[in-house]
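One structure is given here, and the rest of the page talks about it.
Nothing in this text is a laboratory measurement; each read-out follows from the coordinates by a stated rule. In this text, all values refer to a predicted model and were calculated from it rather than measured experimentally. Because the Cβ atoms are built from the backbone with ideal geometry, glycine has one as well, and the counts that use them run over all protein chains shown.
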Amino acid sequence: MDGDTVDQLMDDWKREHPDLDTSGLGVTSRISLLSKVMAREDKRALAALHLAPWACDVLLALRRQGPPYELTPTDLRNATLLTSGAMTTRLDRLEEAGLVRRSLDSDDRRSFIVSLTDEGRQLADRALTARLRMVDRLLAPLCGDEREAAAGLLRKLLIKSRHD
């Protein structure tokens, strides 16, 4: 297998600081670079649907709830890791596009429920298909066992990072 730009970085640090263990940079630098690649490819995959990645994230968060495809704004913020202000702006745009609707929560008249419209659900399904094709293309060099191993190792890192 050919080397990558991180291999060069690692070689440079071994030469300049042989006394330091820089092996962790081999992992974190690759995660950082892959994050940028995935963001670029996600944007490209969704462009054909005229959908921004943030909009896709909101629609898919609702879609994966199952019928009636709804969440409170707080639950939606938690599912998409957005701030309250950002979520309000995004919901305004999605509602204007006819992809979601907001209605008063019958259990708590001070709160709203956000739900997918039929058009929003159909677009969410198309977006999920586009995103999964992109993911399969990016992960094509890995066999099933390698994908599972990578997912497990990344899960372990994420869980540990939440506890620190």
* Contour minus Cα-Cα distance for residue 125 and residue 40 (0.36 nm per residue) -> 28.5 nm
* Asked: residue 27 versus residue 5, label points 7 Å from Cα toward the beta carbon: distance in nm?
  -> 2.2
* **Cα-based helix-to-principal-axis angle, 118-138 vs the chain, degrees rounded to 10** => 10
* Asked: With contacts defined as alpha carbon pairs under 8 Å and 6 or more residues apart, what's the relative contact order of the chain in percent?
  -> 19
* Asked: Roughly how tilted is helix 53-63, in degrees to the nearest 10 and between 0 and 90, from the longest Cα axis of the chain?
  -> 60
* Structure fact -> Dipole check, segment 39-129, charges on Cβ (K,R +1; D,E -1), about Cα centroid: among 87, 54, 100 the Cα furthest to the positive pole belongs to 54
* Structure fact -> The answer for trypsin sites (Lys or Arg not before Pro) in segment 64-132 that fall in a DSSP coil and have at most 16 neighbouring Cβ atoms within 10 Å is 64, 109, 110
* Mind pulling the angle between the C-alpha long axis of helix 5-16 and the longest principal axis of the chain? Nearest 10 degrees, somewhere in 0 to 90. => 40
* Efficiency of FRET from Cβ geometry, residue 163 and residue 107, R₀ 41 Å, rounded to 0.05 -> 0.80
* Please list, or write none, the aspartates and glutamates whose alpha carbon is within less than 18 Å of the alpha carbon of residue 156, excluding same-chain residues fewer than 8 places away. => 145, 146, 148, 164
* Dipole magnitude (debye, nearest 20) for segment 36-158, charges at Cβ of Lys, Arg, Asp, Glu -> 380
